[in-house]
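Scroll down for the structure; my scribbles are underneath it.
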Amino acid sequence: MSDQIKFIVDNLNKEPFKKNYNLITFDSLDPMQLLQVLNDVLAEIDPKQVVDIREEMPEQTAKRMFSLLGILKYKPPGNATDVSTFRQGLVIGSKPVVYPVLHWLLQRTNELKKRAYLARFLIKLEVPSEFLQDEIVADTNKQYEELMEVFKTLHKECEQLKTSGFSTAEIRRDIGAMEEEKDQLIKRVERLKKRVETVPNHQQMLKIARQLRVEKEREECLAQQKQEQKNQLFHAVQRLQRAQNQLKSMRHAAADAKPESLMKRLEEEIKFNSYIGAEKLSKELENKKNELHFLQKVVTEPAMGHSDLLELETKINEVNTQINQLIEKKMMRNEPVEGKLSLYRQQASIISHKKEAKAEELQEAKEKLANLEREVSVKRNQIREFDGTEVLKGDEFKRYVSKLRSKSTVFKKKHQIIAEFKAEFGLLQRTEELLKQCHENIQHQLQAVEEKRGISGYSYTQEELERVSALKSEVDEMKGRTLDDMSEMVKKLNSLVSEKKSALAPVIKELRQLRQKCQELTQECDEKKSQYDSCAAGLESSRSQLEQKLREKQKAVRESHGPNMKQAKMWRDLEKLMECKKQCFLKQQSQTCIGQVIQEGGEDRLIL
């Protein structure tokens, strides 16, 4: 499946699809996008399939794809039940169904293009027999079949001519076209030389231009060399990284390679190889020898007839009966020692069979591991040849997935912006339609007003004048008429123009007044708009200033809120402390009035 997906991605990234997918982005496509990719491939094969499947019903999409795949002779894998599963999977865009179809289509695109082109002309329309009873229908069907045969022959001749190479007529036409182009270039160079000769110092300027062209070519060459060196540096850095990774892995493997583990591994390998060589291979060799001896014996014996075969069958039956009798006698004896030995023999045979089976499994596993290692090395070499990069592993793959997820979020945002733009575009388109409709209504009203005032066609006056001037020029060009007819025609034209001018004079006068009034109103509107803009700008500036002051106050309040609350709490605590001191002082004063102790001459006295 991985090789299939890689083939699909490689071909979709090439011309003419240019999808720019990788294995992860292609495998992460939803069913609708996968069906659109399939439809794009089918559209490359048959241009009639160019459809956006989002604008088409799923039944129509499935029917169209089924019919085209039937024309291209695509056979779904499996039996009839798998065919129904294939139909259902193609309708819902299932990957196990769509991937094989894409792989099959991209393998033979050119062949299928030819088949789709021929199918438009070579698929015969089946006409019911009851309609063929009509002579006209029968003749038409016959002509249709004859034309189909003619088309087949012509197509074969065309293919033969294409493969035969270029014809001499085509070569002569190409040579003539190139000679004409050469003559044109020579004439152009001569004209440019003549134009340059009039310029002073043209020789020096030509020399400078020549030097400029040489330097530009040199600059392009240097830029190309720089890009090539960058690519070489990039590939060299990648090779260095791969070598460093290989060195790291080899060092890691060498770090685990202790002498004890190496000896143990070698002993196990020696035991396995000795068992294979001594027991398994010897038994296989003996069996092959016995088989060869038996085959040689069979070859040397004469050909056997039906009677010989019957005789051998009777002998085989007799021998089988004797074996059964001997087994019954052995079971009747029921010897315990022999039973134990048979049990041990049975266990030994089971163990030997298990040992042989495990040895075969180990041998197959080793061969499978070697094949897988060879495939991995081949795939790595192919990947290096394709883009010079290694397969992502571990943390690198996780980082790549996270990067893809971030890109997916950015893509979703951009997709949402595009959807908004589309909605706005639809709104503007609807507005444009409304304006066009309004313009048409105004034109109809203008024509009605012109008809009402008797000057219908005023809006088309310029076209009428141009038509009259064209008629006049045509009349001037006509040489078969006499001078009198021409003068009469000029008089008629002048009278017609004067009539039109006289008829349009009052309307033009009214139009001038209306234009003047419109200019006054426009001027007044501009003044009001300027006043409004200045007032709005002033209000906006004052509002922004007030907001800036309020923001500063809010910021100051936020910054001083904590310290202020702390200071208020301290003041409340101080107030409580002072109140407590006051109470203590008052209590002390009251005690002092009742009894006071004083000291005199080193003695304490209580004064009541």
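The values are calculated or read from the model by the stated rules, or taken from the named source; none is laboratory data. Since the model is a prediction, treat every value here as computed from it, not as a measurement. Virtual Cβ from ideal backbone geometry, glycine too; neighbours counted across all protein chains shown. Keep in mind that these areas ignore ligands, DNA and RNA; they rest on the heavy atoms of the full protein, side chains included. Shrake-Rupley method; radii C 1.70, N 1.55, O 1.52, S 1.80 Å.
Some points to look at:
- Restricting the range 397-412 to residues that are within 12 Å of Ile24 (Cα to Cα) and of a type in the set (A, V, I, L, M, F, W, C) leaves a set whose member that is modelled with the lowest pLDDT is Phe397.
- Taking the range 12-96 as the region of interest, the helices (runs of 4 or more DSSP H) fully inside it that hold 3 or more residues being open to solvent by less than 40 Å² (accessible area, probe 1.4 Å) are 31-45, 58-71, 80-92.
- Near pairs, Cβ below 9 angstrom, 6+ apart or cross-chain, from the range 555-569 (free of Cβ contacts under 8 Å to residues at least 40 places away in the same chain) to any residue that is surrounded by 10 or more Cβ atoms within 10 Å (Cβ to Cβ) and β-branched (Val, Ile, Thr): Asn564/Val557
- Here Glu520 meets the list (1) at pLDDT below 85; (2) under 30 Å from Lys452 (Cβ atoms) almost entirely, failing just condition (1).
- Neighbours by Cβ (under 6 Å, 6+ apart or cross-chain): first from the range 131-146, within 21 Å of Phe121 (Cα to Cα); second of a type outside the set (Val, Ile, Thr) and open to solvent by 70 Å² or more (accessible area, probe 1.4 Å): Val137/Phe131
A quick yes/no check of all residues on (1) more than 30 Å from Gln49 (Cα to Cα); (2) open to solvent by less than 100 Å² (accessible area, probe 1.4 Å); (3) of a type in the set (A, V, I, L, M, F, W, C):
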| residue | (1), (2), (3) |
| --- | --- |
| Glu130 | yes, no, no |
| Thr140 | no, yes, no |
| Gly176 | yes, yes, no |
| Glu180 | yes, no, no |
| Arg188 | yes, no, no |
| His202 | yes, yes, no |
| Met205 | yes, no, yes |
| Leu212 | yes, yes, yes |
| Glu219 | yes, no, no |
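- Every residue from the range 27-71 that is among the small types (Gly, Ala, Ser), modelled with pLDDT of 80 or more and more than 22 Å from Leu118 (Cβ to Cβ): Ser28
- Test result for Glu367, under 48 Å from the mean Cα position of the chain (by Cα) and either modelled with pLDDT of 75 or more or more than 23 Å from Glu268 (Cα to Cα) (or both): yes
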